[in-house]
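Working notes, beginning with the structure itself.
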């Protein structure tokens, strides 16, 4: 399927958000995810089905002021 | 002691974590400053998700409280979603709410700020709004549920120091019981001392420390200045006068002619 991941179009074979993270080698307790502008909690990722052209944001901590 | 949303903190310095020459120097500055609270951000993670992990562990190892921010957000929906994602990552309901309205001055969009503050307060967040020194906006933020206000004293990163002292004085006088933290615009320790002398409760700094030639030493300088300003505020300062007043008593003065 085609997804918009962090603003960039990508083709990934993934049925759920957890599948997508695994497929793209994302790991770590510090990641936060949102699909189509809504937060998806860590524990909800494996049960969260993805659709064609879903907009997925994957954020992690960085320096800030 | 300073209380922020019922949490007592010792240090009146809140420190940003951006723009240090290295993670080791950031850690040294945090330790030297004796700060209790650091601000951090969230950004898109590149594939693999390892960059954020190293920083996450660095911050966790410092053992300080984290105040995540919504830096770089320009709309209510961006700020609200970023706040929710930050709560997920950092397991805290504290959020430094920034909604930027102008690219050149990084002035907050106060209308969006008030709206986002209301939404987030309603969802259980403890909002620390980055705002201007406008009293009406401050009132609206308090009505929206904020229990702390963080006015700028000059544009972010400008190092100008307080550009509108009368406005800061009015703010302090208008909200005597609300913790007021000056966020943004401080360039040097004397600026921090000045706002603390006015009775502000704390100062949030980043660039002034991170951009110094020796960030750890500058962090210590700021800590000293903030303590001095706070002590002076409680000690009661003289008001300036137009004419000289002799400090040495004139009674008993010898007359030689």
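Derivation of every value follows stated rules applied to the coordinates shown; laboratory data play no part. None of the values given here were measured: they were computed from a predicted structure. With ideal geometry, Cβ positions are generated from the backbone for all residues, glycine too; neighbour counts draw on all protein chains shown.
If you line up the long axis of helix B:51-62 against the longest principal axis of chain B, both from Cα atoms, how many degrees apart are they, to the nearest 10?
Roughly 40 degrees, rounded to the nearest 10.
Remind me, relative contact order of chain B in percent, using alpha carbon pairs under 8 angstrom and six or more residues apart?
Numbers: 479 pairs, mean separation 48.1, N = 257.
Rounded, it is 19 percent for chain B.
For the pair residue B:5/residue A:29, report the inter-label distance in nm, with labels modelled 7 Å from Cα in the Cβ direction.
Between residue B:5 and residue A:29, the simple spin-label model gives 2.1 nm.
What angle, in degrees between 0 and 90 and rounded to the nearest 10, separates the Cα long axis of helix B:215-235 from the longest principal axis of the Cα atoms of chain B?
With both axes taken from Cα atoms, the answer is about 50 degrees.
Once you average over the residues of B:35-45, how many Cβ atoms of partner chains fall within 10 Å of each Cβ?
Partner-chain Cβ atoms within 10 Å, mean over residues of B:35-45: 5.
Return the calculated 222 nm mean residue ellipticity for chain A, to the nearest 500 deg cm²/dmol, obtained by summing -39500 (n - 2.57) across DSSP H runs with n ≥ 4 and dividing by the residue count.
-2500 deg cm²/dmol
Could you work out, residue by residue across B:50-57, how many beta carbons of other chains sit within 10 Å of that residue's beta carbon, and then give the average as an integer?
6
Using a ≥ b ≥ c from the Cα gyration tensor of segment B:135-257 (square roots of the eigenvalues), is it rounded, prolate or oblate, where a/c under 1.5 gives rounded and otherwise the larger of a/b and b/c decides, a/b for prolate?
In terms of gyration-tensor shape, oblate.
Ranked by Cβ crowding within 10 angstrom, fewest neighbours first, how are B:121, B:170 ordered? Working shown, then result.
Working: B:121 20, B:170 14.
Listing B:121, B:170 from fewest to most nearby Cβ atoms yields B:170, B:121.
Hey, with R₀ at 51 Å, roughly what FRET efficiency would residue B:247 and residue B:22 work out to, going by the Cβ-Cβ distance, to 0.05?
Here the calculated transfer efficiency is 0.55.
Fewest first, what order do B:74, B:191, A:41 take by the number of other Cβ atoms within 10 Å?
With the fewest neighbours first, B:74, B:191, A:41 line up as A:41, B:74, B:191.
Could you give me D for segment B:39-146, from Stokes-Einstein at 4 °C and 1.567 mPa s, where the hydrodynamic radius is the Kirkwood radius over C-alpha pairs? Units µm² s⁻¹, please.
In µm²/s, the coefficient rounds to 90.
If the viscosity is 0.890 mPa s and the temperature 25 °C, what Stokes-Einstein diffusion coefficient in µm²/s follows for chain A when Rh is the Kirkwood radius over Cα pairs?
205 µm²/s
Counting alpha carbon pairs within less than 8 Å and at least 6 residues apart, what relative contact order, in whole percent, applies to segment B:4-143? Write out the running numbers ahead of the final one.
On the way: 197 pairs, mean separation 24.4, N = 140.
Worked out over segment B:4-143, it gives 17 percent.
Give me a single rounded figure for B:74-84: the average over its residues of other chain Cβ atoms within 10 Å of their Cβ.
On the way: counts 0, 0, 0, 1, 1, 0, 2, 7, 5, 1, 5.
Mean shielding count: 2.
Measuring from label point to label point, each 7 Å out along Cα→Cβ, what is the residue B:231 to residue B:175 span in nm?
Inter-label distance under the simple model: 2.8 nm.
What shape does segment B:126-175 have by the C-alpha gyration tensor, where a ≥ b ≥ c are the square roots of the eigenvalues, rounded means a/c under 1.5, and otherwise prolate means a/b greater than b/c and oblate the rest?
The shape class here is oblate.
Using just the helices of chain B, give the 222 nm mean residue ellipticity in deg cm²/dmol: DSSP H runs with n ≥ 4 each add -39,500 (n - 2.57), and the total is spread over all residues, rounded to 500.
-12500 deg cm²/dmol
Between residue B:57 and residue B:134, what is the label-to-label distance in nm when each label sits 7 Å out along the Cα-to-Cβ direction?
If labels sit at residue B:57 and residue B:134, their model points lie 4.5 nm apart.
What is the calculated FRET efficiency for residue A:1 to residue B:142, with r their C-beta to C-beta distance and R₀ = 51 Å, to the nearest 0.05?
Efficiency computed from Cβ-Cβ geometry: 0.65.
Taking the Cα atoms of the protein assembly as shown, what is the range of coordinates along each of the three principal axes, in descending order and whole Å?
For the protein assembly as shown, the Cα spread along each principal axis is 104, 41, 35 Å.
Please report B:12, B:43, B:241 as a ranked list, fewest other C-beta atoms within 10 angstrom at the top and most at the bottom.
Neighbour counts put them in this order, fewest first: B:241, B:43, B:12.
Taking the Cα centre of each part, how many Å lie between segment B:182-203 and segment B:10-60?
Centre-to-centre distance over Cα atoms comes out at 22 Å.
For chain B, what Kirkwood radius comes out of the mean inverse Cα-Cα distance, in Å?
Value: 19.2 Å, from the Cα pair sum.
By how many degrees, 0 to 90 and rounded to 10, does the Cα axis of helix B:110-122 deviate from the longest principal axis of chain B?
The answer is roughly 70 degrees.
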